[in-house]
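What follows is a short report on a single structure.
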Amino acid sequence: MGGVAVVLRSLTLAGRFITLEGGEGVGKSTQAARLAEALRALGRTVVLTREPGGTPGAEAIRALLMTGEAERWDARAEALLFAAARADHVACVIRPALARGDWVICDRFIDSTRAYQGGAGGVSDADIMALHRVGSEGLLPDRTLLFEFPVELGMERTYGRDLLSPDRMGSRDAAYYADVAARFRRFAEAGEARFRIVDASGSVDEVAARVLAAATDAP
Ligand code: TMP
């Protein structure tokens, strides 16, 4: 009986690591906050975080990546910086939260490096995954929600935002972002069970309902 109770307890305490991925302006940050709110209402303890960032060290690396000239870092240097920021974030925030049984919602993770530095940037997927093994012991999400939204509309949405606070990563051309979107879709369709493609068009409430369903369905 005791054994059954322990198994039941570990099942109910099991956290889940959920990542939100997609191009610019697809609504990930808004939906990450909505998902956290919905899961908390269901009684889960939720850690809401983002990449690059999530710890003081990783936020310092974010500042290096997001400011300055486009040529400041090439794709290989970027891949190393993202891997270093992620290593700190995984060790200090994500793994401890999962060990406590919390749900972790992370706005971008390894698939962003695979799509941006790997795809459009030309670093091989094998090299990016090798950096991830060294930095974060290869931690993968339980569930990855890929937000699908027309690239041009996403760019239009970020245009106004970038006029107010321009950032280095958000100032690339349409072909680059189209390539990033194609990469994301290829990962999601490659057969890994963790992926769900979420239609990100429609009202915030409509998308939030799709996101909650995709985040909580059975593995
Ligand atoms: P965001 O906070 O608006 O999502 O911006 C983060 C930017 O950094 C966005 O342009 C995507 C980019 N990025 C990468 O290129 N590689 C990565 O691994 C991550 C996490 C983000």
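What the table shows:
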| read-out | value |
| --- | --- |
| Inter-residue pairs, beta-carbon under 7 Å, first modelled with pLDDT of 95 or more and in the stretch 36-65, second open to solvent by 30 Å² or more (accessible area, probe 1.4 Å) and in a strand (DSSP E or B), 6+ apart | A36/L48 |
| Test: residue in the stretch 73-88 that is within 24 Å of V26 (Cα to Cα), more than 11 Å from the ligand (Cβ to nearest atom) and in contact (Cβ under 8 Å) with a residue 12 or more places away in the chain | no |
| Every residue from the stretch 47-69 that is within 8 Å of the ligand (Cβ to nearest atom) and aliphatic (A, V, I, L, M) | L65, M66 |
| Residue in the stretch 18-25 that is charged (D, E, K, R), within 12 Å of the ligand (Cβ to nearest atom) and open to solvent by 10 Å² or more (accessible area, probe 1.4 Å) present | yes |
| Condition check for R196: open to solvent by 50 Å² or more (accessible area, probe 1.4 Å) and touching a residue at least 60 places away in the same chain (Cβ under 8 Å) | no |
| Condition met for A99 (surrounded by fewer than 20 Cβ atoms within 10 Å (Cβ to Cβ), more than 10 Å from the ligand (Cβ to nearest atom) and more than 24 Å from T216 (Cα to Cα)) | no |
| Selection from the stretch 122-146 of residues that are within 11 Å of the ligand (Cβ to nearest atom), open to solvent by less than 40 Å² (accessible area, probe 1.4 Å) and either under 19 Å from A188 (Cβ atoms) or in a helix (DSSP H, G or I) (or both) | I128, H132 |
| In the stretch 108-151, residue farthest from L35 (Cα to Cα) [restricted to those that are out of contact with any strand residue (DSSP E or B) (no Cβ under 8 Å at 6 or more places or on another chain) and of a type in the set (D, E)] | D127 |
| Number of the condition not met by F109 [criteria: (1) within 12 Å of the ligand (Cβ to nearest atom); (2) open to solvent by 70 Å² or more (accessible area, probe 1.4 Å)] | (2) |
| Any hit, the stretch 178-188, residues being outside any helix (DSSP H, G or I) and away from the ligand (no atom under 16 Å from the Cβ) | no |
| Set F149, F82: member being modelled with pLDDT under 95 and surrounded by 15 or more Cβ atoms within 10 Å (Cβ to Cβ) | F149 |
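The values are calculated or read from the model by the stated rules, or taken from the named source; none is laboratory data. Just so it is clear, the structure is predicted and the values come from calculations on it, not from any experiment. We place every Cβ from the backbone using ideal geometry, glycine too, and count neighbours over all the protein chains shown. Keep in mind that these areas ignore ligands, DNA and RNA; they rest on the heavy atoms of the full protein, side chains included. Shrake-Rupley method; radii C 1.70, N 1.55, O 1.52, S 1.80 Å.
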